[in-house]
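For reference, the structure discussed in these notes is given below.
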Amino acid sequence: MILINLDVMMAKRKMSLNELSEKVGITLANLSILKNNKAKAIRFSTLDAICKALDCKVGDIIEYIE
Amino acid sequence: MFKISNKISINISLAVAALFMIACIVGAFIMPPLVEMLINLPDNIGNRGDITEGGRALVLVMAYLMLAVLMLADIFMVLLLLRVKKGLVFTEKSIIFIRAISWCCFAIALVFCVLGIYFQLSFILAFFAIFLGISLRVVKNVIEEATLIKSENDLTV
């Protein structure tokens, strides 16, 4: 399954959900869906914006586990 | 072209469903004479033969059973319409209601088949009820698929 490690990266960068939401330009509700692993899909544009805001690679946020 | 707005259309459907419920309630009160009248109709729509007292009782029980199923289906229809009115079409509950109405159609078809012992015309009505039930199942499958797509769309970030 796909696991989203957004909270880990946010903690590493000491960034709050509000702050990330403003930087990425998506709603707090949508970001919360992503953070809590409820999302069923993520757009490349969103991923690109999150990676840019958190200064990380895609693999730092998304992980595949058995 | 003359077109009724969505809101008015739902209200008309709700009103018709309410009228249908009233008709069912009235039908419940006048069912025994209604069934008797049906049995005594000239025998040109199907071969009833001589219906015994037990047969008459069975017809009456089946008629009441059908009425109960119809009322149940009507309640599900009203609940479904209320959800449509609220804009909650593509949800799990809507699918449950459509599925229930579809099963009601199959149940009515079964009752018509039993009535076919005395009224051969009932088999034709059973055929239509089955067709309606299958059609509703197709609609249910379509809405089920649409609900899945909507859910995926809603949870795409």
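For residue B:54, the test of being loosely packed, with under 14 Cβ neighbours inside 10 Å, away from chain A (no Cβ under 14 Å), within 26 Å of residue B:21 (Cβ to Cβ) and out of contact with any Asp or Glu (no Cβ under 9 Å at 6 or more places or on another chain) is failed.
Residues checked against (1) crowded, with 17+ Cβ neighbours inside 10 Å; (2) away from chain A (no Cβ under 14 Å); (3) assigned to a helix (DSSP H, G or I):
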residue: B:119; (1), (2), (3): yes, yes, no
residue: B:123; (1), (2), (3): no, yes, yes
residue: B:127; (1), (2), (3): no, yes, yes
residue: B:132; (1), (2), (3): yes, yes, yes
residue: B:136; (1), (2), (3): yes, yes, yes
residue: B:140; (1), (2), (3): yes, yes, yes
residue: B:143; (1), (2), (3): yes, yes, yes
residue: B:146; (1), (2), (3): no, yes, yes
residue: B:151; (1), (2), (3): no, no, yes
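Residues in the stretch B:76-92 that are more than 18 Å from the chain's Cα centre (by Cα) and without any contact (Cβ under 8 Å) to a residue 24 or more places away in the chain: B:83, B:86, B:87, B:88. Looking across the stretch A:10-41, just one residue is within 22 Å of residue B:147 (Cβ to Cβ), assigned to a helix (DSSP H, G or I) and more than 7 Å from every other protein chain (Cβ to nearest Cβ), and that is A:29.
Within the stretch A:42-59, if we keep just the residues that are assigned to a helix (DSSP H, G or I) and either closer than 19 Å to residue B:153 by Cβ or among the hydroxyl-bearing types (Ser, Thr, Tyr) (or both), the residue that is nearest to the other protein chains (Cβ to nearest Cβ) turns out to be A:46.
Would you say residue A:62 is under 23 Å from residue B:151 (Cβ atoms), under 11 Å from the mean Cα position of the chain (by Cα), at the interface with chain B (Cβ under 10 Å from one of its Cβ atoms) and at pLDDT 90 or above? Talk me through it step by step, then tell me what you get.
On the way: under 23 Å from residue B:151 (Cβ atoms): yes; under 11 Å from the mean Cα position of the chain (by Cα): yes; at the interface with chain B (Cβ under 10 Å from one of its Cβ atoms): no; at pLDDT 90 or above: yes.
Spelling it out, it is not the case that residue A:62 is under 23 Å from residue B:151 (Cβ atoms), under 11 Å from the mean Cα position of the chain (by Cα), at the interface with chain B (Cβ under 10 Å from one of its Cβ atoms) and at pLDDT 90 or above.
Within the stretch B:66-78, the presence of a residue that is surrounded by fewer than 11 Cβ atoms within 10 Å (Cβ to Cβ), of a type in the set (Asp, Glu) and out of contact with any strand residue (DSSP E or B) (no Cβ under 6 Å at 6 or more places or on another chain) is excluded.
Here is a yes/no grid of residues against (1) at pLDDT 95 or above; (2) part of a helix (DSSP H, G or I); (3) β-branched (Val, Ile, Thr):
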position: B:49; (1), (2), (3): no, no, no
position: B:60; (1), (2), (3): no, yes, no
position: B:63; (1), (2), (3): no, yes, no
position: B:68; (1), (2), (3): yes, yes, no
position: B:73; (1), (2), (3): yes, yes, no
position: B:76; (1), (2), (3): yes, yes, no
position: B:95; (1), (2), (3): yes, yes, yes
position: B:102; (1), (2), (3): yes, yes, no
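The values are calculated or read from the model by the stated rules, or taken from the named source; none is laboratory data. Please read these numbers as outputs of a predicted model, since none were measured by experiment. Glycine also receives a Cβ, built like all others from the backbone with ideal geometry; neighbour counts cover every protein chain displayed.
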